[in-house]
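Down below is the structure, laid out as structure tokens.
Read the figures in this text as sums done on the coordinates, not as results from a lab. What you are looking at is a predicted structure, and each value in this text was computed from that prediction instead of being measured. Counting neighbours? That spans all protein chains shown, and the Cβs are built from the backbone with ideal geometry, glycine included.
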Amino acid sequence: MISLTKTLNAWNAKDFTQTFKKEVADLDNHVLPLQQGLSLSSYVSQEKISALIHSTQETDTSVIIRSGIFYSGIIAGCSCSDDPTPTDTQNEYCEI
């Protein structure tokens, strides 16, 4: 489970959504299970990610956020030195 301290501190505040989006965008892409969500590419790129909130739920011990994540993946080629194909990114989306 990922702990988003700034988001938790902003719970029930006006800037909750913005705080969540910024904190998720600042995460390393490998912290989230993005590789498992790929549908159009084979590897998660290092480009920035963005999030949206589908729903939130408060329990006695935590805040549960169902979120959609927009990110990019790449299709790995042979990467030969004479391969003219540039690295192409594909837009991806998954829900966590």
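Over all other residues within a Cβ to Cβ distance under 11 Å of ASP26, the charged ones net out to +2, with Lys and Arg as +1 and Asp and Glu as -1.
Return the inverse of the average 1/r over all pairs of distinct C-alpha atoms in region 5-95, which is the Kirkwood hydrodynamic radius, in Å to one decimal.
Values: mean 1/r = 0.0676 Å⁻¹.
So the Kirkwood estimate lands at 14.8 Å.
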